[in-house]
């Protein structure tokens, strides 16, 4: 189970191994507007979120998507992204929890496919969220979503569902990850009728459609 969790974190959202805890008091979610950010990018990561509840929600989802990306398999890229989104205190812990999984992915069949320029898919989709707590200096956001990983040859596309609890701290004019916990599931049952899809494979579909930047 410990190994499975480590692999899940590396593949799904790049967060620290742990288990998301249910809140004792929840705050009703509000609609997140386009003005909630990000306003710019740094090393491929959206940054510049407003110091608001909506900004914290968008930052949490955006950061998760930044680690479900084949770019993190390039040497040094995982470290660079973590240094952008995490607090200086948490960054070493986050890197230590994830670099082994990213290295294993890069050296495995998926990474070999990327090197051979095989048509591949690797991205995260935040589905829903709730604000567990919020203040102008600290926010705790729980998110549920999935990551799709696979290619058209050796790695059958698979969706990994997971629940994450992310603590964000306001620092240097932006929200930064100060701590995070994640776990598998809940995973919905497949309800798509077969056959279907109008002749498109899953990877072809993901290549041809445009994805939303953040879907909190």
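The values are calculated or read from the model by the stated rules, or taken from the named source; none is laboratory data. Computed from a predicted model, the values in this text were never measured in an experiment. Cβ atoms come from the backbone with ideal geometry, glycine included; neighbour counts cover every protein chain shown.
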Residue 88: passes all of (1) in contact (Cβ under 8 Å) with a residue 12 or more places away in the chain; (2) in a loop (DSSP other than H, G, I, E, B); (3) closer than 18 Å to residue 179 by Cβ but (1)
For the condition modelled with pLDDT under 85, over 24 Å from residue 109 (Cα atoms) and in a helix (DSSP H, G or I), what is the one hit in 58, 35, 21?
35
Could you check how many residues of region 157-188 are at pLDDT 90 or above, in contact with a strand residue (DSSP E or B) (Cβ under 7 Å, 6 or more places away or on another chain) and not in a strand (DSSP E or B)?
0
Among the residues of region 145-156, is any out of contact with any helix residue (DSSP H, G or I) (no Cβ under 6 Å at 6 or more places or on another chain), under 23 Å from residue 54 (Cβ atoms) and outside any strand (DSSP E or B)?
no
Does region 94-106 contain at least one residue that is modelled with pLDDT of 90 or more and under 19 Å from residue 169 (Cα atoms)?
yes
Any idea which residue in region 114-135 is nearest to residue 185 (Cα to Cα), counting only those that are part of a loop (DSSP other than H, G, I, E, B) and touching a strand residue (DSSP E or B) at 6+ places or on another chain (Cβ under 8 Å)?
119
Which of the residues spanning region 80-118 are in contact with a helix residue (DSSP H, G or I) (Cβ under 6 Å, 6 or more places away or on another chain), closer than 13 Å to residue 44 by Cβ and surrounded by fewer than 19 Cβ atoms within 10 Å (Cβ to Cβ)?
83
